[in-house]
Amino acid sequence: MNIAIDGPAGAGKSTIAKLVADKKGFIYVDTGAMYRSIALYIIEKNINSDDEVDIKNACDNIDIKIKHEDGVQHIYLNDRDVSTDIRKEEVGNMASKAATKKVVRDKLLNLQRDIAASNDVIMDGRDIGTFVLPDAELKIYLTASVMTRAQRRYDQLAEKGESPDMDKIAEDIEKRDYQDMHRDIAPLKQADDAVLLDTSDMTIEEVISKISDLIDNVK
Ligand code: DC
């Protein structure tokens, strides 16, 4: 069984998908981590992300592997575990940029479909229900208002001891939404057959319970 969860940055997709996967015995696949790994390579090698030839060469030199260790997804970029390094804000922004390129998307598509073909997965991203897994048994479009998402991000960073700038966070979220929703290839949008869940006024427990019910109704 395949479950697709799509939605904008900061909607809580990975937190929710991870918890639901644990509860329901699915493998959680974070496709954003794949785009982030390519972005990390671009940043570290100082590659011009607007140069099609350079991006194509980079993709040819990149090998991405996903491994599940004790139920947790680890992502390997050319055999280096980059699971932590890809979490920086800068990497997310570059991932959104790199994700507009066809060569980058094509590279990750087969990897994503192969994992879904041989496992029960909850896969999250931007184009899973619309493009990667159009036949997923359950599709969810998880969203929340910009201010709610910015506040959650702010709280996460503050908890880590950082001094975040709320306006800058909200601005980054809006910029990323725009870029992900307006690109030519596989833009972020709700699939026609996806269930819309706006989590602005929901607790994590409420969202998990709602998705668990939806899964039970499919089985
Ligand atoms: O979910 P995330 O923030 O880790 O994703 C980083 C970027 O990767 C996101 O802004 C757009 C891109 N992405 C994508 O285009 N398609 C996906 N299925 C997942 C992520």
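The values are calculated or read from the model by the stated rules, or taken from the named source; none is laboratory data. Just so you know, these numbers come straight off a predicted model, no measurement behind them. Positions of Cβ are backbone-derived with ideal geometry, glycine not excepted, and every protein chain shown enters the neighbour counts.
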Residues in segment 1-22 that are part of a helix (DSSP H, G or I) and either β-branched (Val, Ile, Thr) or touching a residue at least 24 places away in the same chain (Cβ under 8 Å) (or both) total 9
In the set ASP70, ASP60, ASP85, the lone residue that is at pLDDT 95 or above, away from the ligand (no atom under 16 Å from the Cβ) and farther than 24 Å from LEU188 by Cα is ASP60
Taking segment 163-209 and keeping only residues that are assigned to a helix (DSSP H, G or I), more than 15 Å from the ligand (Cβ to nearest atom) and surrounded by 15 or more Cβ atoms within 10 Å (Cβ to Cβ), one is left with ALA170, VAL207, ILE208
Taking segment 95-124 and keeping residues within 11 Å of the ligand (Cβ to nearest atom), polar (S, T, N, Q) and either surrounded by fewer than 19 Cβ atoms within 10 Å (Cβ to Cβ) or not in a helix (DSSP H, G or I) (or both) leaves THR100
- Of the residues that make up segment 43-51, is at least one out of contact with any Gly (no Cβ under 7 Å at 6 or more places or on another chain), part of a helix (DSSP H, G or I), within 15 Å of the ligand (Cβ to nearest atom) and of a type in the set (Gly, Ala, Ser)? no
Only one of (1) in contact with a strand residue (DSSP E or B) (Cβ under 9 Å, 6 or more places away or on another chain); (2) more than 14 Å from the ligand (Cβ to nearest atom) does not apply to VAL146, and that is (1)
**SER14 vs. criteria buried (at least 20 other Cβ atoms within 10 Å of the Cβ), polar (S, T, N, Q) and within 14 Å of the ligand (Cβ to nearest atom)** = no
